[in-house]
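Each value in this text was obtained by applying a stated rule to the coordinates, not by laboratory testing. Note that this is a predicted model, so its numbers are computed, not measured. Note that we place each Cβ from the backbone using ideal geometry, even for glycine, and neighbour counts take in every protein chain shown.
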Amino acid sequence: MARTFQIGFSIVVLGTLGFAWTLFNPKITSVDEQIIIAAAVLDRARTDHTVRVLADVNWTILPSVETSKDRKTLFIAKMLPLIAEQNERILIQRARAETAAAGSAAYNGLIHDYGLKTGASRKALLARIDRIPESLTLAQAAIESGWGTSRFSQLGHAYFGERTYNKDVPGMAALRATGFKVKSFHSTSGSIRSFMRTLNTHRAYKAFRARRANLRAQGQKVTGADLAITLKSYSEIGTEYIDRILLTIRANNFGGFDGIEHVDH
């Protein structure tokens, strides 16, 4: 049976496997409303294994939320649909890479986009064009941004601590370090997209891509926990960082989100 909540001028209808709501406000801004909606997002994600981006929710500034439980709920509900949306974009590109004729404009365009040299094999291209497990992306975003409370995430939509040494790339200076900036973005989606591109193209994550390709070739499900063990070089703390990722995935049951489908309704 569906549950209906009347909150202010908004009517929120939550179903068992899905949910829908009619919003008379152009944006949902109340934290209490957002927490109810966020819980519904996660309920649908865990039961129906689908999510959609909620353009009508103006997610609150997380440091202002009183409890860590609510901050986590809001953070996951905000990030997970955007992560799934970016993975959908990547899988569309992968489908093109699988069918485009070698040497065609479409094929060469993908090779260029993914940082390979002209004439690269389809195998090499497909190793780079693949989804990043949702559990891994969520865990790293949570760690790097303090569950969305860091200065970088609040002011620069920077959720993954990506550094740049290029003065022409938008970024924010670190308070206790010099010589680099933390990349900043116009949107949360931009940060997620950059993070995924980094793992899919940077030479430091060649082992990450190789392990993912091997698991896929063997017909196994690719999970965040499977790939986290290759990310020692992502952080200066090395293997301790891998342990943090794995703990975050386990403690928050992120593994159930891997392979989730992004939908438009």
Size of electric dipole in region 109-263: Cβ of Lys, Arg +1 and of Asp, Glu -1, about Cα centre, debye, nearest 20 = 540
So how much slack lies between His112 and Ala174, counting 0.36 nm per residue of separation and subtracting their Cα-Cα distance, in nm?
-> 19.1 nm
Low-density loop chymotrypsin sites (Phe, Trp or Tyr not before Pro), region 162-265, at most 16 other Cβ within 10 Å, DSSP non-H/G/I/E/B, are Tyr165, Phe180
By how many degrees, between 0 and 90 and to the nearest 10, does the Cα long axis of helix 239-251 differ from the longest principal axis of the chain?
-> 40
Within a Gaussian network of the chain (alpha carbon springs, distance under 10 Å), most fluctuating of Gly156, Gly238, Gly255 = Gly238
If the chain between Ser121 and Thr99 were fully extended at 0.36 nm per residue, the gain over the current Cα-Cα distance would be 6.6 nm
Tally Lys and Arg at +1 and Asp and Glu at -1 over the other residues with C-beta under 13 Å from the C-beta of Ser189: what net charge comes out?
-> +2
Which loop-located trypsin sites (Lys or Arg not before Pro) does region 178-263 contain, where loop means any DSSP state but H, G, I, E or B and the Cβ has at most 16 other Cβ atoms within 10 Å?
-> Lys221
Tell me, rounded to the nearest percent, the portion of alpha carbon pairs in region 50-176 spaced more than 22 Å apart.
-> 52
Rounded to the nearest 10 degrees, what's the angle between the helix 31-47 long axis and the longest principal axis of the chain, both from Cα atoms, 0 to 90?
-> 60
Length gained if Arg89 through Ser187 is fully extended, taking 0.36 nm per residue and subtracting the Cα-Cα distance, is 33.6 nm
Measure nothing fancy, just the Cα-based angle from helix 68-99's long axis to the longest principal axis of the chain, in degrees from 0 to 90, nearest 10.
-> 40
